[in-house]
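All remarks here apply to the structure that follows.
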Amino acid sequence: MTLELGRHSFADDRTLMMAIVNRTPDSFYDKGATWAEDKAFERVATVVAQGAEIVDIGGIKAAPGVEIDAAEEKSRVVDFVARVRGTFPDLVISVDTWRAEVGDAVCRAGADVLNDAWGGADPELVDVAAAHDAALICTHTGGATPRTRPYRVEYDDVVAAAIADTMAYADRAVAAGVDPRSVVIDPAHDFGKNTFHSLELTRRLGEMVATGRPVLVSLSNKDFVGESLDLPVGERLTGTLAATAVCALAGARIYRVHEVVETRQTVDMVAVIAGRLLPARAIRGLQ
C-alpha cells in the first residue's frame, strides 16, 4: 500500500529516514544544540543533504521537566515549520506533539505528519489530522501520562499490548476521517516500558509489521540500548544500529534517528541481504 504523508507519496518498498530536530533547550541527546532557531534550521539543511525524507520537529522534551504549555510549544514550532516548508517544499515535515491545539497550528503552517508520541493522550488529535489531511503516527505508551517515566510497569505480553493499542488508535483515526494510507504505528521503545519490554518489542517487531500497517521505530540512543550495553547517551550509536538492523530485517518502514547516514547505510545493507534491494553495484568476479 502506498504510504501517504500529507502531500507526499511513497511506494510500499520505500524505507524512510525521519531526522530528529529538537526546538528545546534541554534535549536528552543534543543538550539544546538546536534550541536557537538558526541552529535548528542548519540541522534541517544538514539532514536533508544527508538524504532524510522526513524531519520530526519537537518543542518539548519527552522526559519530565519544566512545564511547557500549548502557547509556549507553539511559539517554538509553528513559525519554524513555516520557515522549513518555505525552503524545502519537497520535504516531509512531522511535528512531535500530543496536543490537538498545537497540531492544528502546525498543520496550518505546513506540517504533513503529526507524531503523537503519547498514544492518544489528547483524543481530539485524530480530528485535527483528518481536518488537514495529515498523516498520524499512533504510538503505544501503555496509557502513560505525557512526560512521565515508567515505574514498575507490567504487561502480560508487551507486544500483544502494543499491537492492540496502536491498531485501536489507528482504527479510531480512520473512523475520524484520516486516510488509511496515512496511519503509521509505533511500538514506542522506552515509552511506558522498561528495558526488557523494549528488547521484546525489538525481537518480535515482525508481529507488528504483520498487521499490515507501516511501522515506525524510534531507537536512536534510547535508554534500552544504554542499559543493555551500560553506555551513556553519547556512546550508543553501535547499539542503536544493531537494534536498527533487527527492526529493518523485520520490515520497519520509518526510522526516527539522530544519525541519518549511518542509519540509512544499515537499513539499506539489511535490505540487500534480505533480497529486497539490489546492490548499488556488483562487479566483483565479473571483470
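Every number here is computed from the coordinates shown, using simple stated rules; none is lab data. All values derive from a computational prediction rather than experimental measurement. Cβ atoms come from the backbone with ideal geometry, glycine included; neighbour counts cover every protein chain shown.
Tabulated data for the structure shown
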read-out: 10 °C / 1.306 mPa s Stokes-Einstein diffusion coefficient of the stretch 36-119, Kirkwood radius on C-alpha pairs, µm²/s; value: 122
read-out: Computed helical MRE - 222 nm, the chain, DSSP H runs ≥ 4 contributing -39500 (n - 2.57), nearest 500; value: -12500 deg cm²/dmol
read-out: Separation between Cα centres of the stretch 61-83 and the stretch 153-232, rounded to whole Å; value: 24
read-out: Loop-located GluC sites (Glu not before Pro) in the stretch 141-229, at most 11 other Cβ atoms within 10 Å (DSSP); value: Glu154
read-out: Debye log10 I(q)/I(0) at q = 0.11, 0.16, 0.20 Å⁻¹ for the stretch 128-287, Cα point scatterers; value: -0.48, -0.94, -1.31
read-out: Per-residue Cβ neighbour rank within 10 angstrom, fewest leading, Ile254, Ile68, Ile273; value: Ile273, Ile68, Ile254
read-out: Translational diffusion coefficient (Stokes-Einstein; Kirkwood radius from C-alpha pairs) of the stretch 53-164 at 10 °C, 1.306 mPa s, in µm²/s; value: 108
read-out: The stretch 139-145 - phi-based ³J(HN,Hα) in whole Hz, Karplus 6.51/-1.76/1.60, Gly and Pro as x; value: 9, 10, 10, x, x, 5, 6
read-out: Estimated distance in nm for a label pair at Lys31 and Ala45, the labels positioned 7 Å out from Cα along Cα-to-Cβ; value: 2.5
read-out: Rg/Rh for the chain, where both radii come from Cα atoms and Rh is the Kirkwood radius; value: 0.95
read-out: Selected from Ala117, Ala71, Ala210 as most flexible by GNM, with the chain as the system and alpha-carbon contacts under 10 Å; value: Ala71
read-out: Gain in span if fully extended, Thr211 to Ser9, counting 0.36 nm per residue against the direct Cα distance; value: 70.7 nm
read-out: Residue pairs, from the table Lys39/Lys222; Lys31/Lys193; Lys193/Lys222; Lys31/Lys222; Lys61/Lys222, whose Cα atoms sit over 21 Å apart; value: Lys39/Lys222; Lys31/Lys193
